[in-house]
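Everything on this sheet refers to the single structure shown next.
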Amino acid sequence: MEDRGESTDEGDPKQHQQQPTFNESEVDNQVGAIVVKADCVAVDEEKVEDIPQVMMEDSQKPSSNVTGQEVIKVGKEILLQAFNWESQKHHWWKTLETKIPQIAAAGFTAIWLPPSSDSLAREGYLPKDLYSLNTAYGSESELKLLIKTIKDNNMKAMADIVINHRIGSTKGVGGIYNRYDGMPMPWDEHAVTCDTGGLGNPSTGEIFHGAPNVDHTQEFVRNDLKEWLRWLIKDVGYNSFRFDFAKGYSAKFVKEYIAASDPIFSVGEFWDTCNYHDSSLDYNQDKHRQRTINWIDNAGGLACAFDFTTKAVLQEACRAGEWWRLRDPKGKPSGVVGMWPSRAVTFVENHDTGSTQGHWPFPSEHILKGYAYILTHPGQPTVFYDHFFDWGENIRNAIIDLIQIRKKNGVHSRSSVRILEANDSVYAASIDGRLSVKLGDGNWDPGWGWNVATSGPSYAVWERHMWPEGEQPKK
């Protein structure tokens, strides 16, 4: 199939959908209207089209002494997004702390927490005082106890880093809240981009409408943010970062922030529009995933990225039974995981696409097929809180089975994939020659020497039977 261009289909994660929904009157009263300066001239930034469309092996990627490179090299992270859009209503730090042993026993290696800084919106995505940790989720002491419990259970604690935009405390130029008097990081209007009502430089990425966007070109801003990131690790106890709205500022700043703060693991939310023809998802998503690859590359390879391409292709394949979508024109997986798997963080749902926001939900009746794919394939998979805790014991146990199978068979981010079938009735693949996976209702099995490890509605996973040395029977 050919690449047939892009679309404005409302089912795709457009910018207006990606930005969370808040109490508009509350936000408007605090933020005020965004004023665009007439003399705000765009700087000469690198454009996606100008970056060579290549995929390099990890051995060719930029080297770094950052600790997180070791975690990426091992490639065995299994993340739990440990919140949804409503978690702020449920004294979350204390609630989640009681669940940590269960989460650890399931096999997760890292827990992604919601934004923990003071915010205009209770969900945490309109930050104000970044150093204040008393929020709707709980108190600072409760957060630190939660993080300690996570680490005591041999898991990583991931902070949600929201630094694309910041709500001010005082009205400044243009009559909007673009000054930060009376709080740590007491910036003035020069810390806000000129295209969102400040006196700084133009944005180096896409604009987040509804809040003053932080000008990361300012050295004093970057120094303050690096100091804050180091504080999150040394004083609060976090050891991993998730960068929110990573399209909002240049990836080179993410590279700088990671190098300065040295998290164990980092991932960016680079949520980009897929390629469509009318309302139909294009088969070829090479341009879409290449933009994500470019972001990772510009971040020096120090951060992974959520694999939105795989989510798009996988949920469409499951919804329509179009399993051919899961094999790209070169015979590889169709997402970022098929191009730079060690930097791909795969997922089927998050707090924006699902939960009560539901901007781009994975079809609910196919959730387990989605997990059967991402938990057996390369990349570093993420499980959504709702699916693990709120969708019933059968779903949770099925996810645990898949996690344990992944770990038992040593599947990691760079595991090899040999796609054996990808048509209108079935998808089948072999992973490292140790696992075989089938999705769909078509007839397929790996043949002699394989045992069913787990199965469910329209999916099955087999393990290769490991005979003791010298005891393998003849076929």
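The values are calculated or read from the model by the stated rules, or taken from the named source; none is laboratory data. Being a predicted model, the structure only gives us computed values, none of them experimental. Here Cβ is always computed from backbone atoms with ideal geometry, including for glycine, and neighbour counts include all displayed protein chains. Protein only, heavy atoms only, side chains kept; ligands, DNA and RNA dropped before computing areas. Shrake-Rupley method; radii C 1.70, N 1.55, O 1.52, S 1.80 Å.
In region 173-188, what residues are in a loop (DSSP other than H, G, I, E, B) and of a type outside the set (G, A, S)? Of everything in region 173-188, those that are in a loop (DSSP other than H, G, I, E, B) and of a type outside the set (G, A, S) turn out to be I176, Y180, D181, M183, P184, M185, P186, W187, D188.
Against the test of being in a loop (DSSP other than H, G, I, E, B), at positive phi and surrounded by fewer than 23 Cβ atoms within 10 Å (Cβ to Cβ), the options G358, G379 yield a single qualifying residue, G358. Checking each residue in region 361-376 for being touching a helix residue (DSSP H, G or I) at 6+ places or on another chain (Cβ under 9 Å) and in a helix (DSSP H, G or I) picks out E365, H366, I367, L368, K369, G370, Y371, A372, Y373, I374.
Checking the structure you have, find out if any residue of region 440-452 is part of a strand (DSSP E or B) and either β-branched (V, I, T) or modelled with pLDDT under 95 (or both). Yes, the conditions are met somewhere in region 440-452. Among the residues here, V461 qualifies as farther than 28 Å from E86 by Cα, touching an Asp or Glu at 6+ places or on another chain (Cβ under 9 Å), β-branched (V, I, T) and in contact (Cβ under 8 Å) with a residue 60 or more places away in the chain.
Scan region 182-219 residue by residue and report those that are surrounded by fewer than 24 Cβ atoms within 10 Å (Cβ to Cβ) and of a type in the set (D, E, K, R). Of everything in region 182-219, those that are surrounded by fewer than 24 Cβ atoms within 10 Å (Cβ to Cβ) and of a type in the set (D, E, K, R) turn out to be D188, E189, D195, E206, E219. The set of residues in region 79-136 that are assigned to a helix (DSSP H, G or I) and farther than 15 Å from V383 by Cα comprises S87, Q88, K89, W92, W93, K94, T95, L96, E97, P101. Yes or no: region 262-284 includes at least one residue that is part of a helix (DSSP H, G or I), surrounded by 21 or more Cβ atoms within 10 Å (Cβ to Cβ) and either of a type in the set (K, R) or within 16 Å of the chain's Cα centre (by Cα) (or both). Scanning region 262-284 turns up no residue that is part of a helix (DSSP H, G or I), surrounded by 21 or more Cβ atoms within 10 Å (Cβ to Cβ) and either of a type in the set (K, R) or within 16 Å of the chain's Cα centre (by Cα) (or both).
Taken over region 408-422, the criterion of being closer than 12 Å to Q380 by Cα and not hydroxyl-bearing (S, T, Y) is satisfied by V411, H412, R414.
Quick check on R179: is it at pLDDT 95 or above, over 17 Å from A259 (Cα atoms), open to solvent by 20 Å² or more (accessible area, probe 1.4 Å) and charged (D, E, K, R)? Yes: the conditions hold for R179. Scanning region 329-338 for residues that are buried (at least 24 other Cβ atoms within 10 Å of the Cβ) and assigned to a loop (DSSP other than H, G, I, E, B) returns P333, S334, G335. When residues of region 50-93 are filtered for being touching a strand residue (DSSP E or B) at 6+ places or on another chain (Cβ under 7 Å), of a type in the set (G, A, S) and either modelled with pLDDT under 60 or over 20 Å from N350 (Cα atoms) (or both), how many remain? So the answer is 1.
Put simply, of D386, D401, D390, D432 the only residue that is open to solvent by 10 Å² or more (accessible area, probe 1.4 Å), among the acidic types (D, E) and at positive phi is D432.
Condition check for M158 on (1) of a type outside the set (S, T, N, Q); (2) more than 18 Å from P115 (Cβ to Cβ); (3) crowded, with 16+ Cβ neighbours inside 10 Å: one failure, at (2).
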